[in-house]
Every structure is written in structure tokens, then in C-alpha cells.
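In what follows, a structure is listed as C-alpha cells, so that the remarks can point back to it.
The values are calculated or read from the model by the stated rules, or taken from the named source; none is laboratory data. What you are looking at is a predicted structure, and each value in this text was computed from that prediction instead of being measured. Every residue, glycine as well, gets a Cβ built from its backbone with ideal geometry; the counts of neighbours run over all protein chains shown.
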Amino acid sequence: MDARTGLPVVGMVGGGQLARMTHQAAIALGQSLRVLADTVDDGAALVASDVVVGDYRSLDDLRAFARGCDVVTFDHEHVPNEHIRALVADGVVVHPGPDALQFAQDKSAMRRRLTELGVPCPRWATVASERELDEFAAATGWPVVLKASSGGYDGKGVWVVGSLAEAAEVLGSGTALIVEEKVAIVRELAVDVARSPFGQGSVWPVVETVQRDGICVEVLAPAPDLDEDTAEEAQALALRIAQELGVTGMLAVELFETADGLVVNELAMRPHNSAHWTIEGARTSQFEQHLRAVLDYPLGATSPTAPVTVMANLLGGPDDVVPKGLDERVHHLMARWPDVKIHLYGKQFRPGRKVGHVTALGDELDSVRARARAAADYLMNGDAR
């Protein structure tokens, strides 16, 4: 408990944009967000006052960080599960706990558990040899999708391969892998939910996520032209997964919409890019809701603030540099699209890296989407279309 405020201290392991935006939500709640950052230049470390620089892979650093925290949570899933279990054994309150988080850290564990629960998933198997891969592809057909069991994100650790020859390098890398059938999809959807230790759950509208090269470039909320029955099915499925896995905090369920129904693609147990739109587009943002959930506070309302919200990610360009005249572009963007909200993460610019996002709200999808796209293009490229 913070002696100055009498309010709890939440410690978030990881100093990226998710911690940065969680810090913003914590301010309004009068809370002190403590951040374990890799460096003083991490996005959250640039704005938070209670920053500890340390290595999330070091149990000693994690233990030192957790002292004085009422609860510890995460802005990524890469903390070794055995370290999280050691913190719990020490008496540290951790949300989500290691039993739940393992299913976001290990894709083979996730697929196995979801299959046991009867959750619709692509056909899959663990694979370590050309023979095993060939047998799997014989049943499903080529191409297939190879995934690293742990550590992948934003398209990294995912390989679509059309033959044993194409898979040879990945199979020979020593990476623990699973293989999945390549699902014929109509589009990609996501459902974001929160669950408290008390067991209260909340869910936002289903969204469509638009992907390019394995990276989300847009989120459309709610998912356009999604029939009500399918939307309710997706929301109920996500809430069920959160309960069955014992999730506490935010859970993002990434889905494929197919001609035959919904299929679960991935899980993330933290605030997620698919719900950044909730900062302006919902009565309670995912970041405030995550704090409410891990502190076991009553959860907030998730109703939309506008009929349509579109979030467009800002991706680093071909050069590892800040776009020329970025401050001037911010100025002109605000003048040209005064309703569009800008979020910059304080991150170094790298090709394809998410360095921020913009959000637009309104009544009609095409016009809202056009404003969000134009604002994002202008900010990153100086494109004045």
C-alpha cells in the first residue's frame, strides 16, 4: 500500500506501450503503477515515476521489484513461468497466475487445453521432424502453419510452409514447434474480456482486426456486418475460456471467422492491441479494466461511446529514424482531423514496429475508417491525401 495515498500499488513487469497506457489509467484511479523496465528509455519508464530497471528473466530482480507491491501483473508473457511460481510461493499476489499464464506462454499447452475443453481450434500437432510434419500435411494438405511454441508475437515465430523443403530450416533450428492446418478464413476477429479473482467477467463488442504481414494494422469496432448470434457466440466463448483457464485480468481471444464458424487462433493474457480502441471508444478502457480486475475491484461498463470506432496502428517505416518533422505533422494532423486521437508510445522507430496508434469515432464505418487511415498515413508518411 502506498503510504502517501493509502491506495494499492500495482507492479507491472515490462515497460512497453501497454505499461505506459496502463500507467495513464492508474493516474485517474489515484494509484501508483510501479514498472519493471529493461532500460530507462522504455516507453513506460519515460512517463512513470516509480520505475525499477531490471531483467524480467532474473528471479532476484523480480523479487526485489515485487517488494511493496500489492499485486504484480505483466505487459508481456515472456517472464519464465517458474519464476512466477516462485513469486507466488513467496506470498506475492500475481495476476494472471502461473497456472493460467502458461496457456498464453506455451502454444502446445494452450492447444491441448482448448481441445480438451471442446473449444473450436485448427487441427494441430507438436512436430519435431520432417516425418512428423509430412504425416500431418498428408492429413490436412499443404500449406501448413509452423509456430514456435513460445516467444512469438506480431508475426514473428510463425511460418507458412508449402513443402518439407520450405520447412527444413525452421525444423532444423532447434525451436520447439507446433504445426497447424492453414485455415481458410473469411476474416480475423478478436474478443477482449476481463475477469476478476472474485469471478466477475466483462466483455467488449467483437472487433475485426485487419492484418498485413502478420501485423495488425487496423481494428474495426464493432466488427462490421457480424450477425448478432455469431457475436454473442464469440463473446460467450471468450468469457468461458477466461473462466475455464482461471484468467485474472485482461484476456484477448483472437479468432478466425470461417465459412463453418469460429475458430480460436491465439490467446493473450494482458492488455492487447485489439482493444486499444476502448480508450476513447468504450465507457471503460481495457487498461482501467485490467487494473480493476487485478485489484479485484468491481469491473466497469464496457458499452461503446460511439456507433463506430476505428483504431489504426502507426508502424515504423523503412528507416530506423523518427519521421522528419514529426512534431509539425502532429500539429497539422490535429488541425485537419481535430476529432482524431493520437497515441505515441515513446518507442524507437524500427521497420514494422508499432510506435503508436490513432483512433477515430463516428456514426458510419467508411467515413470513420477513412479519417483514421488518412491521419495515420499523414503522421507516418507525410501523405496529405
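List of remarks:
- Residue satisfying condition, being of a type in the set (A, V, I, L, M), within 30 Å of residue 170 (Cβ to Cβ) and either out of contact with any helix residue (DSSP H, G or I) (no Cβ under 7 Å at 6 or more places or on another chain) or not assigned by TED's automatic domain parsing to the domain that holds residue 173 (or both), within set 48, 64, 89, 138: 138
- Each residue in region 343-375 was checked for being in a strand (DSSP E or B) and either touching a Lys or Arg at 6+ places or on another chain (Cβ under 8 Å) or under 19 Å from residue 19 (Cβ atoms) (or both), and 10 of them qualify.
- Selection count, region 280-306, where residues are in contact with a helix residue (DSSP H, G or I) (Cβ under 9 Å, 6 or more places away or on another chain) and farther than 23 Å from residue 269 by Cβ: 3
- For region 43-66, the set of residues classified as surrounded by fewer than 20 Cβ atoms within 10 Å (Cβ to Cβ), in contact with a His (Cβ under 8 Å, 6 or more places away or on another chain) and under 23 Å from residue 3 (Cβ atoms) consists of 47 only.
- Number of positions in region 148-184 that are farther than 27 Å from residue 243 by Cα and outside any strand (DSSP E or B): 19
- Residue selected from region 243-263 under the condition over 18 Å from residue 210 (Cβ atoms) and of a type in the set (Gly, Ala, Ser), by the criterion surrounded by the most Cβ atoms within 10 Å (Cβ to Cβ): 249
- The number of residues in region 67-84 that are surrounded by fewer than 16 Cβ atoms within 10 Å (Cβ to Cβ) and either in contact with a helix residue (DSSP H, G or I) (Cβ under 6 Å, 6 or more places away or on another chain) or in contact (Cβ under 8 Å) with a residue 40 or more places away in the chain (or both) comes to 2.
- Listed by position, the strands (runs of 3 or more DSSP E) contained in region 1-96 that have at least 1 residues being acidic (Asp, Glu) are 50-53.
- Restricting attention to region 243-279 and to residues that are in contact with a helix residue (DSSP H, G or I) (Cβ under 7 Å, 6 or more places away or on another chain) and hydroxyl-bearing (Ser, Thr, Tyr), the residue that is farthest from residue 358 (Cα to Cα) turns out to be 248.
- Within region 97-140, restricting attention to residues that are part of a loop (DSSP other than H, G, I, E, B) and touching a strand residue (DSSP E or B) at 6+ places or on another chain (Cβ under 6 Å), the residue that is farthest from residue 161 (Cα to Cα) is 119.
- Residue in region 130-140 that is in contact with an Asp or Glu (Cβ under 7 Å, 6 or more places away or on another chain) and not polar (S, T, N, Q) present: no
- Among residues of region 326-342 being part of a loop (DSSP other than H, G, I, E, B) and among the hydrophobic types (A, V, I, L, M, F, W, C), the one that is nearest to residue 17 (Cα to Cα) is 340.
- Criterion: surrounded by fewer than 16 Cβ atoms within 10 Å (Cβ to Cβ) and closer than 30 Å to residue 276 by Cα - qualifying residue of 193, 186, 145: 186
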